[in-house]
Amino acid sequence: MRRIGTGDRIRALGAMSGTSLDGVDAAVIETDGETVFGFGESAYRPYSEGEREVLRAALGLWEGPEVEAAAEVVETAHAELLSRFENVELIGFHGQTFAHDPKGRGTHQAGSGAILAEALGLPVVWDFRSSDVRFGGEGAPLAPFYHFALAKFIGASEPLAFLNLGGVGNLTLVDPSFTRPEAEGALLAFDTGPANAPINDLVQARLGRALDEGGALAAMGEVDDAVVTDFLRHPHFFRMAPKSLDRDAFADLSAAVAALTDADAAATLTACCAASVAAGMDLCPTPPARLLVTGGGRHNPVLMAMIAAGCDCPVEPVEAAGLDGDMMEAQAFAYLAVRVARGLSTSAPGTTGVRAAVGGGTLSRPGELAVALG
């Protein structure tokens with residue numbers, strides 16, 4: 001891989017497999033790790049139901065045969081999807097998060113970037129979160145530095161917020177008046193609470209569906225306000241930002257809605273997600289001029305309406321700013337991969353609570369694994 005300098009355009013390919021366990025997103029961007037110059041092609045590879053079952057069996061685990069089987073699924077799916085792309089110089093591979101305990105055992109993303117580098121014949125940056133955790137950070141969220149670059153790309157002049165609604169929700173407040181993302185005050189980021197994960201788990205368990213398509217089930221239900229009130233008593237909502245969550249940190253939500261009808265349970269879980277976003281907005285020291293929503297949750301009109309009702313600023317899908325909400329996290333790891341290759345930071349105290357700005361990620365090149373095994 002050629003040496004990358006300021007202003008050098010590199011076509012980087014990023015991949016993301018989120019906690020919703022739906023599949024793998026992959027996207028190309030052109031960047032020098034600071035400025036976003038443009039966007040390339042993208043693709044999606046869904047997990048089969050059998051693959052999802054293997055992945056679900058590994059949730060919350062750190063090691064063992066279930067994790068090994070799940071890692072193989074992750075690596076195979078990524079290799080299959082990423083091999084479709086041409087004329088890229090570097091890959092950013094996030095892996096699949098199975099456990100996240102930054103103040104305890106650490107953080108665990110399954111899948112080997114070294115194996116992918118061998119399979120694809122390209123350098124791969126991976127294991128983005130471990131360095132941040134070692135230096136006292138939460139290890140998440142990691143997209144904020146990319147959100148900062150996107151705020152510059154769209155020409156934002158006022159503070160704005162990006163809300164990602166994947167399995168877990170996370171929010172980034174960006175002040176585009178700063179020149180660098182690691183500067184104090186440029187970014188504030190944190191996980192807001194559960195987003196699509198409990199809703200997806202509910203409809204999968206009760207109806208055998210992957211998700212509440214278009215919020216149709218929630219639209220037919222009534223919200224149980226007592227469940228939402230109790231949900232907001234969780235210790236997470238009393239912590240200051242930055243802060244992060246494991247996918248199953250709110251596992252008791254399923255029990256809380258167990259006695260409700262399918263529609264009422266879906267409506268209540270959707271309202272919990274919206275309430276967590278409203279609580280997150282209260283943590284912003286500067287009210288954002290707009291809230292741009294990315295991730296699968298923006299396709300749920302019931303959820304979007306609930307979030308808008310709890311916010312004092314316009315709530316819009318990121319497409320309103322000319323961005324791609326389906327591929328933003330994949331793009332983020334392409335961007336971060338270039339930063340790692342250049343030795344730039346990928347997180348800061350305002351995004352993960354790390355003690356100082358730190359660069360995360362391991363760079364694996366083709367041939368290194370064969371040498372190590374030989």
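The values are calculated or read from the model by the stated rules, or taken from the named source; none is laboratory data. Note that the coordinates shown come from a computational prediction; the quantities given were computed from them, not determined experimentally. No Cβ is skipped: glycine too gets one built from the backbone with ideal geometry, and neighbour counts run over all protein chains shown. Heavy atoms of the whole protein, side chains included, go into the accessibility calculation; ligands, DNA and RNA do not. Shrake-Rupley method; radii C 1.70, N 1.55, O 1.52, S 1.80 Å.
Here is how the numbers come out for the structure above:
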read-out	value
Selection within segment 1-54 - of a type in the set (Lys, Arg) and either modelled with pLDDT of 95 or more or not in a loop (DSSP other than H, G, I, E, B) (or both)	Arg11, Arg45, Arg52
Residue among Ala321, Ala271, Ala309, Ala348 that alone is touching a residue at least 24 places away in the same chain (Cβ under 8 Å) and open to solvent by 40 Å² or more (accessible area, probe 1.4 Å)	Ala309
All positions within segment 39-66 that are in contact (Cβ under 8 Å) with a residue 24 or more places away in the chain, on the phi < 0 side of the Ramachandran plot and small (Gly, Ala, Ser)	Gly40, Ser42, Ala43, Ala58
Segment 128-137, subset out of contact with any Phe, Trp or Tyr (no Cβ under 8 Å at 6 or more places or on another chain) and assigned to a loop (DSSP other than H, G, I, E, B), residue nearest to Ala110 (Cα to Cα)	Arg129
Matching residues in segment 27-42 - criterion: being open to solvent by less than 10 Å² (accessible area, probe 1.4 Å) and either among the acidic types (Asp, Glu) or touching a Gly at 6+ places or on another chain (Cβ under 7 Å) (or both)	Ala27, Val28, Ile29, Asp32
Helices (runs of 4 or more DSSP H) (entirely within segment 167-232) containing at least 1 residues that are open to solvent by less than 30 Å² (accessible area, probe 1.4 Å) and touching a residue at least 60 places away in the same chain (Cβ under 8 Å)	196-207, 216-219
Candidate set: segment 1-26, residues that are among the β-branched types (Val, Ile, Thr) and open to solvent by less than 60 Å² (accessible area, probe 1.4 Å); chosen: the one nearest to the chain's Cα centre (by Cα)	Thr19
Residue list for segment 237-259, filter: surrounded by fewer than 19 Cβ atoms within 10 Å (Cβ to Cβ) and either at positive phi or not hydrophobic (A, V, I, L, M, F, W, C) (or both)	Arg239, Asp252, Ser254
Residue, farthest from Glu158 (Cα to Cα), within segment 243-298, restricted to residues that are hydrophobic (A, V, I, L, M, F, W, C) and part of a strand (DSSP E or B)	Val293
Ala279 vs. criteria in contact with a Phe, Trp or Tyr (Cβ under 8 Å, 6 or more places away or on another chain), surrounded by 19 or more Cβ atoms within 10 Å (Cβ to Cβ) and over 30 Å from Ala15 (Cβ atoms)	no
Criterion (assigned to a helix (DSSP H, G or I) and over 19 Å from the mean Cα position of the chain (by Cα)) met by exactly one of Glu68, Glu75	Glu68
Residue list for segment 118-147, filter: open to solvent by less than 10 Å² (accessible area, probe 1.4 Å), touching a strand residue (DSSP E or B) at 6+ places or on another chain (Cβ under 6 Å) and hydrophobic (A, V, I, L, M, F, W, C)	Val124, Val125
Residue match in segment 183-201 (condition: under 18 Å from the mean Cα position of the chain (by Cα), closer than 24 Å to Glu158 by Cβ and among the hydroxyl-bearing types (Ser, Thr, Tyr))	yes
Odd one out for Ala332, checked against (1) crowded, with 20+ Cβ neighbours inside 10 Å; (2) touching a helix residue (DSSP H, G or I) at 6+ places or on another chain (Cβ under 8 Å); (3) not in a helix (DSSP H, G or I)	(3)
